[in-house]
Amino acid sequence: MEKKIDIKSLALEELEEELRGKGQKAFRARQIFQWMHEKLADSFEEMTNLSKDLRQQLSRDYELVTLQKKDVRISRLDGTRKYLFGLSDGHVIESVLMKYKHGNSVCISSQVGCRMGCRFCASTLDGLERNLRPSEMLDQIYRIQKDTGERVSHVVVMGSGEPLDNYDSLIRFIRLVSDERGLNISQRNITVSTCGIVPGIERMAQEGLAVTLALSLHGPNDQVRKSLMPVANKYPLKEVLSACSTYFKKTGRRLTFEYSLVKGVNDNLREAQALAELIKDQQGHVNLIPVNPIKEREYVQSDWHAVEAFKVYLEKKGINVTIRREMGRDINGACGQLRRSFMEDIR
């Protein structure tokens, strides 16, 4: 049986070409695009300004990806919502809605699982199952917006998976979610997190996008980084930071350096000093993250005094730094935790 085309992953121009080939006028493509990306339709049947024949033809020829809500957990501490979504092939992924004064931010997954192997992350414990399609990345946001009835204004591609390991889908996703004929989320409100895949960073610098790049740094030198992140064996910090400089020069977008603080591993003032030296010439700011402990690893969160001392040291060196506010700690807020507990339950 011929595989149906994933219609939600098509750009409007591609959709117009598709429908022209079926004898339809271009305005039909615009209507369908609006139904999918602005009105967030769950099915072709909802597209009531299309003829019944056209709706049936669309159902026959195209797949309209719609994720299934398997679970949602709401934090009593801060209202953070953690969603578990089912995909059509039986896999599950997770997404998180965080409410801030500046608007609603959704953290989405880019892969089912992850192959990067970062030691403190639950997403990577079972390895990579597969890449997500652009439609599956988009629909995490669409389901959450429909579920809450509130507009999503910020997107962080920082859930399960390494976005630059799913490069083509990522770029297509960004262009679709920021399309003014769809949800029209400003590219300046989109952050893509990477553990430091140099060719991907360099490619992305040439795309003409205005998204923020967040580098998962987590160590001030190659030695500490290798102990936490296997990817550091392939891409040394010198190469990674050079690619980040290229990204800043091409886009003008200030970088974010994510630094998870692990007690006794990378949280003392010696590391703070090395970090300040490492990034003093980079245009960016540091986001300190007290690591979320996961039961499969022995890593422990740094205590408050160590986190504060680390921050103060960096500030004295003129580095812009924030401590990420913990969100959803009471609902397994860290990447991969909810999906993993779900998988354990069904095994």
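Any read-out appearing in this document is the output of simple, stated calculations on the displayed coordinates, not a laboratory observation. All figures in this text were calculated on a predicted structure; none of them were measured in a lab. Quick reminder, even Gly has a Cβ in these numbers, built from the backbone with ideal geometry, and neighbours come from all protein chains shown.
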Please give the charge dipole size of segment 5-63, origin at the Cα centre, charges +1 on K and R Cβ atoms and -1 on D and E Cβ atoms. Round to the nearest 20 debye. 300
At Lys101 and Arg181, where each label point lies 7 Å from the Cα along Cα→Cβ, what is the point-to-point distance in nanometres? 3.8
In nm, what is the difference between 0.36 nm times the number of residues separating His305 and Arg254 and their Cα-Cα distance? 15.5 nm
Diffing segment 319-325: the Karplus 3J(HN,Hα) column from phi (6.51, -1.76, 1.60, θ = phi - 60°), in whole Hz with x for Gly and Pro, holds 9, 6, 9, 10, 9, 5, 5
At a temperature of 10 °C and a viscosity of 1.306 mPa s, determine how fast the chain diffuses translationally according to Stokes-Einstein, using the Kirkwood radius over alpha-carbon pairs as Rh; express D in µm²/s, rounded to the nearest whole number. 75
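Going by C-beta contacts inside 10 Å, put Thr322, Thr48 in order with the fewest on the left. Mind showing how you got there, number by number?
Numbers: Thr322 12, Thr48 9.
Lowest to highest Cβ neighbour count: Thr48, Thr322.
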When only C-alpha pairs under 8 Å and at least 6 residues apart count, what is the relative contact order of the chain, in percent? 15
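Rank the residues Glu271, Glu180, Glu17 as a footprinting-exposure proxy: fewest other Cβ atoms within 10 Å of their Cβ go first. Could you put the intermediate results ahead of the total?
Numbers: Glu271 19, Glu180 8, Glu17 13.
Neighbour counts put them in this order, fewest first: Glu180, Glu17, Glu271.
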How far is the Cα center of segment 140-187 from the Cα center of segment 228-280, in Å? 25
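Around Val224, what is the net charge, scoring Lys/Arg as +1 and Asp/Glu as -1 over all other residues with Cβ under 13 Å from its Cβ?
On the way: positive: Arg119, Arg225, Lys226, Arg270; negative: Asp222, Asp267, Glu271.
Here the count lands on +1.
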Dipole magnitude of the chain, debye to nearest 20 (Cβ charges: Lys/Arg +1, Asp/Glu -1, about Cα centre): 540
Starting from the coordinates of the alpha-carbon atoms of segment 5-63, obtain the Kirkwood hydrodynamic radius over all distinct pairs and give the value in Å to one decimal. 11.3
Per residue of the chain, what 222 nm ellipticity follows from adding -39500 (n - 2.57) for every DSSP H run with n ≥ 4, rounded to the nearest 500? -10500 deg cm²/dmol
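Give me Ser51, Ser9 sorted ascending by neighbouring Cβ count inside 10 Å, so fewest comes first. Each step should come with its number before you reach the end.
Details: Ser51 10, Ser9 19.
Arranged by neighbour count, lowest to highest, Ser51, Ser9 become Ser51, Ser9.
Work out how much length Ile323 to Ser242 would gain on full extension: take 0.36 nm times their residue separation and subtract the Cα-Cα distance, in nm to one decimal.
Details: separation 81, 0.36 × 81 = 29.16 nm, distance 2.52 nm.
Contour length minus Cα-Cα distance gives 26.6 nm.
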Residue among Met229, Leu241, Thr212 farthest towards the positive dipole end of segment 198-242, charges placed on Cβ: Met229
